[in-house]
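J.: Pasting in a structure now, in structure tokens, and then I'll have a few things to ask.
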């Protein structure tokens, strides 16, 4: 993976029903809205094609639920990208999907269209928990989706799981992990629930309509996750991500390695190495602007160097590879150990950081208390 290549993120903001915990820019949309959005998205991609001369080696369709769109619409978007950018022949082209929105036929067509990595939002294999968080699929549909994906030819398959969910116990989490591994995916993402203000689930927790596991139970789930998956052949390469060898998500690694990426669609963010910019979160406004040939960008900032250094540090430390001081010096022309001597000493003293080859990485304790480590690098 090189800084001389580009990652592309494409946001599809529609879903069949908003999950209780979801704070992303996503909502149900009519077919007319979806069709208008596809046209606006293709217009934005076409207009930006001349801005980037570097090849694209990762593409990620996220949402929302991208597979709420038809196969034909997803194919048109991907073909538009290929017509305006140089997408390499070995590019990783990922697609997020809800198990309830795909079947054997659609997956075969998507694979034929060029999508080669599938990320299924399973979350749990406990139907009671799936209903509690508002998922539209059941555990059996998840198993069927995995089988259909393999039959369709997807040899890079990821399952998204969550812990700390309402009604979840340590035993039910262990069972979800067991069932996930039994399906032989290539990659597993496992995230602890973050209760976001303004979500339906947050309101239910406040009124005690939903009861979350206690702190001790959630810690036990985290500990079991990080003991069990390595024994099953998955290596942890980032705080919440585990992969078979060679199946790490190359697109997400761009974020953690501070490489440039370009986002398209409502609420999509971009980073060119120094500046960050983003489109409006308002889907209707996004479509109106793009279809009129106007930019939908509503945010742009060029980061001061101290902020760039800090961002680079805590993104690199999200990975188990850690921060390589030689890469830092090549990128910024400065010595990491000199700039951050104080924070590094504190983190070593607290058992959160350890020297690793030509760099630093978080200890297991450091991963568990990662937010405490990251704040040390803030300017």
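Read-outs: derived from the displayed coordinates by stated rules, not from any lab. Predicted model, so just to flag it, every value in this text is computed and none were measured. All Cβ positions, glycine included, derive from the backbone under ideal geometry; neighbour counts span all protein chains shown.
J.: Sort the following peptides by mean Cβ neighbour count (other Cβ atoms within 10 Å, averaged over residues), highest first: 93-100, 216-223.
T.: Peptide ranking by packing, descending: 93-100, 216-223.
J.: Got a sec? How would 102, 71 order by Cβ neighbour count within 10 Å, fewest to most? Write down the numbers at each step before the final one.
T.: Numbers: 102 24, 71 18.
Result, fewest neighbours first: 71, 102.
J.: Expected output is a single nm value to one decimal: the length gained when fully extending between residue 299 and residue 46, i.e. 0.36 nm times separation in residues minus the C-alpha distance. What is it?
T.: Value of the extension gain: 89.0 nm.
J.: Residue 128 label point, 7 Å along Cα→Cβ, cut-off 20 Å on backbone N: hits in segment 148-187?
T.: 162-180
J.: For Rg and Dmax of the Cα atoms in Å, one of (i) 29.1, 102; (ii) 20.9, 58; (iii) 21.2, 69 was computed from the structure I shared and the rest are decoys. Which label?
T.: Of the listed options (i) 29.1, 102; (ii) 20.9, 58; (iii) 21.2, 69, (ii) comes from this structure.
J.: How far apart, in nanometres, would the label points at residue 355 and residue 335 be if each is projected 7 angstrom from Cα along the Cα-to-Cβ direction?
T.: Result: 1.4 nm between the two label points.
J.: Next question. Quick one: order 291, 347 by neighbouring beta-carbon count within 10 Å, fewest to most.
T.: 291, 347
J.: To continue, here is another question. Could you check the spin-label model distance between residue 86 and residue 372? Points 7 Å from the Cα along Cα→Cβ, value in nm.
T.: 4.8
J.: Right, another one. Would you work out the relative contact order for the chain, in percent, from Cα pairs under 8 angstrom that are 6 or more residues apart? Write out the running numbers ahead of the final one.
T.: Numbers: 676 pairs, mean separation 57.8, N = 379.
For the chain, the relative contact order is 15 percent.
J.: So how far, in whole Å, is the C-alpha centre of segment 287-332 from the one of segment 188-233?
T.: Using only Cα atoms, the two centres lie 28 Å from each other.
J.: At 20 °C and a viscosity of 1.002 mPa s, what translational diffusion coefficient does Stokes-Einstein give for segment 241-379, taking Rh as the Kirkwood radius over Cα pairs? Give it in µm²/s as a whole number.
T.: 127
J.: Can you tell me how much longer the chain between residue 231 and residue 292 gets when fully stretched, taken as 0.36 nm per residue apart minus their C-alpha distance, in nm with one decimal?
T.: Difference between extended and current length: 16.5 nm.
J.: While we're looking at this one, here's another question. Rank these for me by crowding, 360, 256, going from fewest to most other beta carbons within 10 Å.
T.: Listed from fewest to most nearby Cβ atoms, that is 256, 360.
J.: Quote to one decimal, in nm, the extra length available between residue 27 and residue 105 on full extension: 0.36 nm per residue of separation minus the C-alpha distance between them.
T.: Contour length minus the Cα-Cα distance gives 25.5 nm.
J.: Need one number: % antiparallel among DSSP beta bridges in segment 6-256, to the nearest 5.
T.: 20
J.: What does the highest-first list of 199-211, 55-67 look like by mean Cβ count within 10 Å?
T.: Top of the packing list down: 55-67, 199-211.
J.: Could you state the per residue volume, in Å³, of the convex hull enclosing the Cα atoms of segment 311-368?
T.: In segment 311-368, the Cα hull volume divided by residue count equals 72 Å³.
J.: Quick check: Cα centre of segment 168-184 to Cα centre of segment 254-286, how many Å?
T.: A separation of 34 Å, based on Cα centres.
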